[in-house]
Amino acid sequence: MARIRNVARHVKREVDAGHQVAVVVSAMSGKTNELVGWCTEASPMHDAREYDAVVASGEQVTAGLLAITLQNMGINARSWQGWQIPIRTDGAHASARIQEIDGSEIVRRFGEGQVAVIAGFQGLAPDNRIATLGRGGSDTSAVAVAAALKADRCDIYTDVDGVYTTDPRIEPKARRMPRVSFEEMLEMASLGAKVLQVRSVELAMVHKVRTFVRSSFEDPDAPGMGDFLNPPGTLICDEDEIVEQQVVTGIAYAKDEAQISLRRVEDQPGVAAAIFGPLADAGVNVDMIVQNVSEDGTRTDMTFTVPAGDLAKAMQVIENAKAEMRFDVVQSERDLTKVSVIGIGMRSHTGVAATAFKALAARGINIRAITTSEIKISILIDREYTELAVRSLHSVYGLDKA
């Protein structure tokens, strides 16, 4: 309840400043895991629709309690569940996607001075049942509601006070960034930074919702907390809003990568489709792909990475489809890390990749695979070198200097 009272004080500060406020809440810490555990205990193969009915209750409890707390502070507030607005989703229970939000009733009530407290992570599926949005769905709900209401700003209160140049637990010299572009944040979120869910950043980018990452632990009345244009935290915005463009913005990493190598694959059209098609059908997320050119033009080696949690499933799919995939031997390896260098300034600067390779070579870190895009370079290394690699790259691009 102390956390809920703190959130209520943040809301009161914004209301007192004359703003119209919609608050999207998530479940209390540990509550969703507990609810998921109960579903699994009841039946390991449970109905996804009933699972949604159970796990959506965590957010509903928080919404009701926050509304009560705000009312007790003299603020006109009411709670909303996803189906009451409604937030309409597709029919993929437990991992639904938002399709449309009708915010007209909430906007009408803004006119009466009412605060909307909305249960995040949930919506209404076409079958007229509650659907949940998957992990981190409350962030996604918040951005979607902000877009639907045409809000001036979307503040995401989390357990960190912004987005850092890298994980401060690994590199104490990591700095909080005042601004990050949508594209950079999207890369960071998908490459291991845990600050925001990928889908929430995608939505913010599509709808151009200016999003502030702020700390829910900070005192609501601390200096600058009421600053409308630049509150403490990190603004995720269009790159046009970022004046000082650094070449490299941040270093992300994802541990628990696994590598699979198919040796002596027949080098002919259709083989790549035969390999990656069944893996995609099985829901295995393949990332870095390296194909060696065969010397005689008949055989090649195909190496790719998957999340370590998907390794067993991927190996099973490959064994089952060996005849179509046409390879001799399959090998796999765990305990790898993908370290990524990210920055929209990389589009217009050369030598960024060479700098990374030199820095890792100087520390004796072997590179297993590399993938690049316009604004990122991802490098696969042995997991034992994760911290050393992150610190080395953070330093070589000058991110530890204010």
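The values are calculated or read from the model by the stated rules, or taken from the named source; none is laboratory data. Bear in mind the structure is a predicted one, so any value in this text is a computation, not a measurement. When we count neighbours, we look across all protein chains shown, and the Cβ atoms used for this are built from the backbone with ideal geometry, even at glycine. All accessible areas refer to the heavy atoms of the entire protein, side chains included, with ligands and DNA or RNA removed. Shrake-Rupley method; radii C 1.70, N 1.55, O 1.52, S 1.80 Å.
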* Asked: Of everything in the stretch 16-59 that's among the hydrophobic types (A, V, I, L, M, F, W, C) and assigned to a loop (DSSP other than H, G, I, E, B), which residue is surrounded by the fewest Cβ atoms within 10 Å (Cβ to Cβ)?
  -> 45
* Of all residues in the stretch 108-156, count the ones that are touching a residue at least 12 places away in the same chain (Cβ under 8 Å), more than 18 Å from the chain's Cα centre (by Cα), in a loop (DSSP other than H, G, I, E, B) and within 23 Å of residue 20 (Cα to Cα). => 7
* Could you check, for the stretch 67-79, whether at least one of its residues is touching a Leu at 6+ places or on another chain (Cβ under 9 Å) and open to solvent by less than 40 Å² (accessible area, probe 1.4 Å)? => yes
* Report whether or not residue 151 is open to solvent by less than 40 Å² (accessible area, probe 1.4 Å) and either modelled with pLDDT of 90 or more or under 23 Å from residue 392 (Cα atoms) (or both). => no
* **Any hit, the stretch 215-230, residues being farther than 17 Å from residue 11 by Cα and without any contact (Cβ under 8 Å) to a residue 40 or more places away in the chain** => no
* Per-region count, the stretch 196-238, residues crowded, with 21+ Cβ neighbours inside 10 Å and either in contact with a His (Cβ under 6 Å, 6 or more places away or on another chain) or β-branched (Val, Ile, Thr) (or both) -> 6
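To keep it simple, each residue is scored yes or no on (1) open to solvent by 20 Å² or more (accessible area, probe 1.4 Å); (2) under 19 Å from residue 175 (Cβ atoms); (3) of a type in the set (A, V, I, L, M, F, W, C); (4) touching a helix residue (DSSP H, G or I) at 6+ places or on another chain (Cβ under 7 Å).
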{"site": "360", "(1), (2), (3), (4)": "no, no, yes, yes"}
{"site": "366", "(1), (2), (3), (4)": "yes, no, no, no"}
{"site": "376", "(1), (2), (3), (4)": "yes, no, no, yes"}
{"site": "395", "(1), (2), (3), (4)": "yes, yes, no, no"}
{"site": "399", "(1), (2), (3), (4)": "no, yes, yes, no"}
* Structure fact -> Over the stretch 255-314, the set of residues more than 20 Å from residue 339 (Cα to Cα), of a type in the set (Asp, Glu) and buried (at least 16 other Cβ atoms within 10 Å of the Cβ) is 267, 301
* Can you run down the residue pairs with Cβ atoms below 8 Å, 6 or more apart or on separate chains, where the first is in the stretch 26-42 and under 17 Å from residue 139 (Cβ atoms) and the partner is assigned to a helix (DSSP H, G or I) and basic (Lys, Arg)? => 28/3; 29/3
* Test each condition in (1) surrounded by fewer than 21 Cβ atoms within 10 Å (Cβ to Cβ); (2) part of a helix (DSSP H, G or I) for residue 62 and report the one that comes out false. => (1)
